[in-house]
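Just so it is clear, none of the values below were taken in a lab; they were calculated from the coordinates. Everything quoted here is computed from the prediction, not taken from an experiment. Every residue, glycine among them, receives a Cβ derived from its backbone with ideal geometry; neighbour counts consider all protein chains shown.
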Amino acid sequence: MADSSLFQSFFLIFSGAAVVASLALFGRQPLLVAYIALGVLLGPSGFAVIDNLRLLSDMSSVGIIFLLFLLGLDMQPQALVAVLRKATFVGLVSCTIFLGLGFGIGKLFSFTTTESWVIGMALMFSSTIIGIKLLPTTVLHHKHLGELMVGLLLFQDFVAIVCLMVLLSDNTGDMQIWQLALSFGSLPLLIVFAWLIVKYILLPLFNRFDRFHEYVFLLALGWCMGMAELAEIVGLSREIGAFIGGITLATSRISQYIALSLKPLRDFFLILFFFSLGAQFKLAMLPEILLPALVTATAVLLVKPVVFHYLLGARSEHKILSWDIGFRLGQISEFSLLIALLAYAQNLIGSAASHLIQATAILTFLVSSYIVVMNFPNPIATKDELRRD
């Protein structure tokens, strides 16, 4: 791709993203859905204005690395243990139920066993963007509802990391047990190495030169990318390496400054990620996966709120609170999209299964956000009595 065409691609993506993001905000829609729609519109299945997606796809994967690095930075160990203790039972049981639901739907529509398990994996998770961004700030930080939401989403994040390790344990299309064991065996070694480097090298450097903001930014960026590459070398994934890099820095007094510094860079690459996801979506596949996608999305939207309601009720949570959380988590996740892309890249699933997960994600994002905006307190509610900042 020549320099001029790369510039033109960036112009079309980010100028177009600014326009569709404005329309999405007016229409009370999640921004990531707007970015995916723009990708479909400008990609090969639409007007084919941007038809060389390889470079943009490679660049967009950096956004996922930053996303997991920042996720690790936000996981303070003490608070993490406390909040996960409350959410572990609900998280374990709900993930098992949703895994079985996805597997059953996959087999119903004649997908292979492996594809059905991957579909089940994709259904286990709920969207952090919809779950947290549509939660009023005062509730998120000071109310029991916020604690439970964060705990459940963090538990799902850990499960997602395990799923990524399973998917990346082999690239031949067969999940070999010995190779998966080797990947898990290298994980503690990588964690110990990262902890030693942070304690004896990075933290002294941060403490000595923390006045130089550019240096802090570069050192954090180098650490994130270095851990991502090291994890790739030892047989894990770049995403897992970035997560470990972030969580080993989480106790540092400068971790929140690093997180704030990297968020704009993360958002830049995530826009590319969701755009390339939409651009790679083949509209020609729609007739083949439309019925399975509608069935899967309907099952998610109906089953998830009910499951969370009864599981939280079993933990002595109030009825209104349990329904509130159930509907706020009643969709699949950004991690589901990542799982679909990685599984397809590893030849574990075919194009139809990958597109089924992508279509289900888009449908559940749309419907779930409408349900929350119209019925529960949130920052962008159309009703005055529901609007909470």
Projected area, mean over directions - region 3-386, Cα convex hull, nm²: 19.4 nm²
Distance between modelled label sites at Thr251 and Ala345, nm, 7 Å Cα→Cβ extension: 3.2 nm
Environment charge of Leu202, counting only residues whose C-beta is closer than 14 Å and scoring Lys/Arg +1, Asp/Glu -1: +2
Entries of Lys86/Lys319; Lys263/Lys319; Lys107/Lys319; Lys86/Lys107 with Cα pairs more than 29 Å apart: Lys263/Lys319; Lys107/Lys319; Lys86/Lys107
Local net charge near Leu363, Cβ-Cβ under 15 Å (Lys/Arg +1, Asp/Glu -1): 0
Computed FRET value (nearest 0.05) for Ile132 with His213, which takes r as the C-beta separation and R₀ as 22 Å: 0.20
Within region 231-246, backbone nitrogen closer than 19 Å to the virtual label 7 Å beyond the Cα of Lys199 toward Cβ: 244-246
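Dipole of region 3-386, Cα-centred, from +1 at each Lys and Arg C-beta and -1 at each Asp and Glu C-beta, to the nearest 20 debye?
Charge dipole, region 3-386, about its Cα centre: 800 debye, nearest 20.
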Label-to-label distance, nm, for residues given as Leu221 and Leu55 (7 Å Cα→Cβ offset): 1.9 nm
